[in-house]
1. Under a crude label model (7 Å from the Cα following the beta-carbon direction), how far is residue 17 from residue 3 in nanometres?
2. Report the residues of the stretch 33-56 in range of a label on residue 24: point 7 Å along Cα→C-beta, backbone N strictly under 16 Å from it.
3. Order the peptides 115-124, 101-110 from the highest to the lowest mean number of other Cβ atoms within 10 Å of their residues.
4. Please find the FRET efficiency linking residue 33 to residue 101, where r is the Cβ-Cβ separation and R0 is fixed at 25 Å, and quote it to the nearest 0.05.
5. Let's test the formula: R0 of 25 Å, r as the Cβ-Cβ distance of residue 42 and residue 87. What FRET efficiency results, to the nearest 0.05?
6. How many nm is it between the label spots at residue 56 and residue 118, if each spot is 7 Å from the Cα in line with the beta carbon?
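Read-outs: derived from the displayed coordinates by stated rules, not from any lab. Everything quoted here is computed from the prediction, not taken from an experiment. For neighbour counting, all protein chains shown are included, and Cβ atoms are generated from backbone atoms with ideal geometry for every residue, glycine included.
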């Protein structure tokens with residue numbers, strides 16, 4: 001189950017990277033903003049659901065509490081993305097984020113996205129470092145030796 005979690009956590013990081021790509025490609029699209037950012041917005045909701053499911057998987061796999069919390073933090077920060085977007089709209093008043101106050105608040109959207117990527121990357125990295133979740137680098141069948149080193153003859 002830990003290997004499944006590690007694989008899903010890595011997949012989450014890749015999906016978040018795709019999210020950055022969709023945001024960048026939409027920013028340079030000539031189509032109207034609502035139309036060009038629709039794939040980015042849709043994938044954001046998928047990331048939220050994926051993070052919630054991954055948190056449940058982490059709990060079922062009996063991952064360390066800190067790892068479960070960090071996985072839940074990804075879901076919480078994703079909700080924060082929607083809150084930031086709505087706050088930016090409120091500062092503008094027209095629903096467009098073209099005013100200075102709206103732009104400053106909406107800039108937090110990108111900063112929060114970087115935090116999401118960092119937390120998800122940390123979850124993936126730590127989950128792969130756990131015993132039983134990845135290859136340890138020892139040859140197959142090698143016994144784990146503990147205690148003082150044995151002298152060689």
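1. 2.3 nm
2. Inside the label zone: 40.
3. On the way: 115-124: 20.1, 101-110: 15.9.
Going by the mean number of other Cβ atoms within 10 Å, highest first, we get 115-124, 101-110.
4. Numbers: r = 18 Å, r/R0 = 0.72.
The computed FRET efficiency comes out at 0.85.
5. Numbers: r = 21 Å, r/R0 = 0.84.
Efficiency, from the Cβ-Cβ distance: 0.75.
6. Simple spin-label model gives 3.0 nm for this pair.
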